[in-house]
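One structure is given below, encoded as structure tokens.
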Amino acid sequence: MNVRIAKELEKVTGRANVFLNEDMGPHTTFRAGGRADIFVTPSDIKEATDIVRLLLTENIPYTIMGNGSNLLVSGKGYRGCIVKLGQGMDHIDVSGTRIGAGAGAPLSKVARAAYEEGLTGLEFASGIPGSLGGALVMNAGAYGGEMKDVVKTVKVFDAVSMSVVTLSADEMGFGYRTSIIKHQPYIVLEAELELVHGNREAIRSRMDELAEARRTKQPLEYPSAGSTFKRPEGYYAGKLIEDAGLKGCCVGGAQVSEKHCGFVINKGGASADDIIELIRTVRRRVYGQFNVLLEPEVIILGEEI
């Protein structure tokens with residue numbers, strides 16, 4: 001079955017873009033992961049939508065990914081097709097105060113483009129390692145800013161009607177680390193952001209300030225998926241984890257960061273299953289001590305948490 005589907009996918013996007021039994025570790029910022037039955041990298045929006053149409057027609061499970069900064073595939077692997085939106089869907093175009101960008105564009109590059117044009121509003125995103133598409137799915141945010149603050153429209157592929165639809169910011173249903181994309185069969189293709197003119201020196205200064213804050217407070221020297229858990233209402237995940245005595249706690253090569261307990265890191269040679277077991281341990285201990293159930297931010301494929 002997988003070989004036959006791979007051959008069909010090759011007709012859409014070319015043999016060089018289709019891989020069988022692909023190790024997902026190199027494709028994620030955790031630098032760990034199991035294997036995907038099929039891995040495909042479309043070169044543009046048309047190929048991406050044609051690929052999804054084919055997978056739907058063949059009833060093949062699929063997952064869309066960007067930069068892999070919020071994804072972990074378990075050691076059991078992923079029984080289906082992972083579609084990576086990257087090169088070919090990473091355009092960035094600036095016109096006045098608006099930026100149009102593809103889902104595969106790195107968010108940091110979009111923020112950089114805004115700075116170069118003297119546009120303010122995306123400084124918070126300059127150090128977020130994900131893609132624009134992933135940032136829109138989860139309404140990524142940091143240091144007081146969120147994607148919902150700058151989105152004008154989002155173009156998506158509707159996997160039910162198999163058509164391309166443009167959603168307004170209101171229709172995106174943004175909330176804390178969520179959007180309508182997480183609850184509907186939509187795939188982000190591109191978006192238009194609305195910013196405002198600002199002072200380039202002030203924008204650069206703010207970006208530098210946030211970069212320094214990240215270097216000081218976050219374990220950027222180790223592979224991770226950023227903040228491992230969502231912030232529970234009324235609490236901070238990192239403080240709960242530290243108060244539970246879990247700072248530095250390890251499972252194999254996975255560790256609760258000693259610099260910031262909200263991060264699970266790959267200290268060296270961690271498997272995906274090490275990371276998953278550590279996440280389970282943290283959730284269990286925090287719930288047992290504080291009756292607060294931490295919800296992972298990272299998306300885990302192939303294993304139930």
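Quick notes on this one:
- Test for SER205: is it touching a residue at least 12 places away in the same chain (Cβ under 8 Å), polar (S, T, N, Q) and out of contact with any His (no Cβ under 6 Å at 6 or more places or on another chain): no
- Test: LYS247 is assigned to a loop (DSSP other than H, G, I, E, B) and either crowded, with 21+ Cβ neighbours inside 10 Å or touching a residue at least 40 places away in the same chain (Cβ under 8 Å) (or both): no
- Residue satisfying condition, being hydroxyl-bearing (Ser, Thr, Tyr), more than 24 Å from GLY96 (Cβ to Cβ) and in contact with a Lys or Arg (Cβ under 8 Å, 6 or more places away or on another chain), within set TYR143, TYR176: TYR176
- Test for GLY68: is it at positive phi and not in a loop (DSSP other than H, G, I, E, B): no
- Neighbours by Cβ (under 7 Å, 6+ apart or cross-chain): first from segment 124-141, closer than 14 Å to ALA169 by Cα; second among the charged types (D, E, K, R) and at pLDDT 95 or above: ASN139/GLU146; ASN139/LYS148
- Test for ARG204: is it more than 25 Å from GLU233 (Cα to Cα) and in a helix (DSSP H, G or I): yes
- Condition met for ALA237 (free of Cβ contacts under 8 Å to residues at least 60 places away in the same chain, surrounded by 21 or more Cβ atoms within 10 Å (Cβ to Cβ) and of a type outside the set (Val, Ile, Thr)): yes
- Against the test of being touching a helix residue (DSSP H, G or I) at 6+ places or on another chain (Cβ under 6 Å) and within 22 Å of PRO223 (Cα to Cα), the options ILE92, ILE64, ILE82, ILE128 yield a single qualifying residue, ILE128.
- Considering each residue of segment 10-17 in turn, none proves to be farther than 16 Å from VAL298 by Cα, among the acidic types (Asp, Glu) and either part of a strand (DSSP E or B) or in contact (Cβ under 8 Å) with a residue 40 or more places away in the chain (or both).
- Subset of segment 268-287 (residues that are assigned to a loop (DSSP other than H, G, I, E, B) and crowded, with 19+ Cβ neighbours inside 10 Å): ALA270, SER271
- The single condition among (1) surrounded by fewer than 22 Cβ atoms within 10 Å (Cβ to Cβ); (2) in contact with a helix residue (DSSP H, G or I) (Cβ under 6 Å, 6 or more places away or on another chain); (3) in contact (Cβ under 8 Å) with a residue 60 or more places away in the chain that GLU297 does not satisfy is (2).
The values are calculated or read from the model by the stated rules, or taken from the named source; none is laboratory data. Since the model is a prediction, treat every value here as computed from it, not as a measurement. Positions of Cβ are generated from backbone atoms using ideal geometry, with glycine treated the same way; all protein chains shown enter the neighbour counts.
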